[in-house]
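Okay, structure first, notes after.
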Amino acid sequence: MRGLHVYILLAVAALALLFADRLSSYWMHVAIIAMFYGILASSWSLLAGYAGLFSLGHMAFASIGGYTSALLVQWYGIPIPVGMAAGVALCCALGGLIGWVCLRMSGPYLAIFTLGFSEIVRITFATEDDITAGMAGLHVERLFNTTSRLPYFYVAFALLVVSLLLMGVIVRSRWGLFLRAIREDEQAASASGVAVARFRILAFAIASGFAALAGSFYGHYIGILTPSLGGLDFMAVLVVMTVIGGMERLPTAVGGAFVVEFLLELLRGYGQWRLPLFGIILLLTMRFARNGLLTPLWLKFVQLGEPRAVTAMALRDVPQKDPAQ
Amino acid sequence: MSAGAELIRGAGLVKRFGGIVANDAVEFTVVEGDLVGLIGPNGSGKTTLISMLTGHLMPDGGEVVVRGRGMRGQAAHLYAAMGVARTFQLTQLFGRMTVLENLLVPGLTRPGSTWRAVVQQARSTLDFLKLGHLEQLHAKNLSGGQQKLLELGRCMMLEPAILFLDEPFAGVHPHLRDELITRIQELHEAGRTFVVVDHDMESILRLSKRLVVMARGRKIADGPPAVVREDQAVLAAYAGS
Amino acid sequence: MSWDYIFVQVANGAVIGIIYALIAVGVTLIFSILKIVNFAHGDLYMLGGYCAYYIIALLGAPPLLAMLLSMAALFVLAIVLERLLLTPLYSDATERKDEYGLIITFGLAFFLRNIAVIIFGPYPLKPPSFIPGVQHIGEMTVTNDRLFAGGVGIVLILALLYFMHRTIWGQALDAVSQSRESAAIVGINSGRFNSVAFGIGAALAAAAGALIAPIFSLAPDMGVLPNIHAFVIVILGGMGSVLGSIFAGILLGEAENLFTAFFPDPTRALAYTNAFGLLILMVVLILRPQGFFGRRHLRME
């Protein structure tokens, strides 16, 4: 049946919404955090997987978004959604600025630069503790005053769906083609008429905006923010999640976030051993299944709905032989 | 073909790399309907000239004028938007995108283009290049000659006024090379202007209506092939290289 | 603000700088030969420090010998890791090698950092001094360990320079770093050099870790900041330039130390010291990505 995979996804989403209230508070929290990571992973994959810009500053923008919203709400009493929007707007602008600054930088230079940026942000937030409360943690006004996490579940769900829809539209449009072209060969893209500079800046701006969205939600959910949100540890986990899932597609990135987050919780009994374990999985994935562990599954899934001609997108990672040769 | 409007003009172009002067005050004008063969010994600065004329390199001196418009400081994609297309010495394609997608990219950069129209244009371009059956293949899986053809196709999608081809015949099977020459001629008949760089003298002479010779960063000859071939300076340049 | 104070600060800065240089030189070497930025370098430094500590604690070896053994151990470990993880970099079938190198070393760093917490425990450890005691300079003191670290660091750096410019192997290494193809034409087997380069880089980092351990203690995350500093230095000094890394390393160590010593607000000084180095990094990347000494690096084809 055409589009079967879409119907299946819709059904799963509907079930998730309907039965959410059956989840224990603990697992609901896990689901919410998974969706938080989902937004981050998919937006990072837009930057690193589609446009080829391996930025280590993604969590820094989540952090900036979080603190911006928290502080604006605290100082001026504005409604939380407005605060979040302000955080998103600021990070879009800042992200675009970083994208502009990084225009001439490739691969490792870009990574190191964004790493430097990320650390400066973290250090500044930690040190200026009269404003940010530093490592002690900033108290953030929560979205809802309930003890139940259910409203947060619905909000996280809505934010994730909206994010994926928006990013999905971008990715399937000509912009998506241009971003991938930039990743494949910037010079050829330029020669083909793609305004490379504009799209690199745009990719950074858009991705950073989504990171801020996730970060500000996180602040208003947990109720506390620390500078470590923008730190290397969180960023590393994000990279692990996205690469294991598959960094070149939105669904596999989100899938990676969900799977790793749930496994982290399931394996909680193993304490410290979880992180080195995922480190090994990451290394093995990069070494032997570079396009991600979930990618082959996702491709099979998509084929359910489009059996005749496997779509061009799906063919991206399958090694092929030229029939004429 | 009678001379037409001036399409692109490089005036006094200079480019230095470290201590080397790759292009030394080069004057180069192309008019509508030209089919120029640009030749010269290795290292004479041909690719550098093309890169400056297509926006991929900023000149250290002189300027580039496209259709009467000064292009100082403009990025390469703006040249493409103005109808200046180029291929690269080592084919540069979007390797992990399909053959079709490789053509969709340039087509979709044009303002007012719709997916449907561009896909149609892409498919007919592929048919013209006899690559239609390879539509869903990744570009990196094509043979060398097919990749050259695809790069030509990528240029064509821009509906360019002028195409700069950098060594289109390098390493290409003779049969495919004849294909390529035929396609270029067909496109030229249909009104496109070409500047072709190559070392394959036979192909260049078959194609060119005008021959430009460079040596050591300078233009040393510019005229009809019959005349240029007898030019002493040209012979000396090749003999000495 | 006495001259003694300034002298001691400068001396301390030089010591830190030499240690930074040791680490950065490794990163540069690996970048030159393997064409990747080793994000796991700081963790090799960390492992080197711990390795020396346990050689002293479990085998009762004298500290200097422990350092040398640790260098050897990390050299071997590095070669194993290179064979396991980095061989795709040499195959034409691997695309986007820059990205591969980034992610795989990033992943390696993540793994090493977290496994270290489990194996060594999260609490700082302090190995015994190389040379106990202090030197008095006027009213200030400098620990012997710092002087020793600086001295040994200089010896190692000189040894490396000698190796690279005077010995056959070293010159071959230098040749490969400049051009694999040309080196192959004259008969140098580049494949072997990848392992050697990675090994030497790791060994130098291990030495740095072992030298710094009695001064600042060991912790599983001690490699994070030096890693970043190494990148600052390598970029300042120019990716691919060993001499550049040495000078830039000493310069940065000095600059940071003086920054901390003279920053107006002492409570914030230490925290912002790191940010200071990063700011320099960012400025240099924007203005002059090839650093002050560097050769333009070619993208890996």
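Structure notes:
- Region A:1-133, dipole about Cα centre (Lys/Arg Cβ +1, Asp/Glu Cβ -1), debye to the nearest 20: 520
- Most simply put, region B:114-241 has about 50% antiparallel DSSP beta bridges, counting only bridges with both residues inside it.
- Least to most buried among A:Ser228, A:Ser45 (fewest other Cβ within 10 Å first): A:Ser228, A:Ser45
- Cα centroid separation - region A:162-190 against region C:226-292, whole Å: 36
- In a DSSP loop and with at most 16 other Cβ atoms within 10 Å, the trypsin sites (Lys or Arg not before Pro) in region B:100-170 are B:Lys130.
- Relative contact order of chain C: 36 percent, from C-alpha pairs under 8 Å at least 6 residues apart in sequence.
- Amide H partners (placed H, <5 Å) of B:Leu7, local residues excluded: B:Val30, B:Val31, B:Glu32
- Proximity of backbone amide H atoms, modeled 1.01 Å from N, is registered between C:Gln135 and C:Val142, C:Thr143, C:Asn144 at under 5 Å, excluding neighbours fewer than 5 places apart on the same chain.
- Overall, region C:3-287 carries a charge dipole of about 420 debye about its Cα centre when +1 sits on the Cβ of Lys and Arg and -1 on the Cβ of Asp and Glu, all other atoms neutral.
- Per-residue mean of foreign Cβ neighbours for B:98-109 is 6 (Cβ atoms of other chains, 10 Å radius).
- Listed peptides C:11-19, A:267-275, C:206-214 appear in the order C:206-214, C:11-19, A:267-275 once ranked by packing, highest mean of other Cβ atoms within 10 Å at the front.
- Taking other Cβ atoms within 10 Å as a rough exposure proxy, B:Thr91, B:Thr114 sort from fewest to most as B:Thr114, B:Thr91.
- Taken as Cα centroids, region B:111-166 and region C:6-52 sit 50 Å apart, rounded to the nearest whole angstrom.
- Taking every C-alpha pair closer than 8 Å and separated by at least 6 residues, the mean separation divided by the residue count of region A:4-315 gives a relative contact order of 33 percent.
- Relative contact order, percent, region A:1-111 [alpha-carbon distance under 8 Å, six or more residues apart]: 21
- Of B:Asp198, B:Asp24, the sequence from fewest to most neighbouring Cβ atoms within 10 angstrom is B:Asp24, B:Asp198.
Every read-out reported here was derived from the displayed coordinates using simple, explicitly stated rules and does not represent laboratory data. It should be emphasised that the depicted structure is a prediction, and the values quoted were computed from it without experimental measurement. Ideal geometry is used to build each Cβ from the backbone, glycine not excepted, and the neighbour counts take in all protein chains shown.
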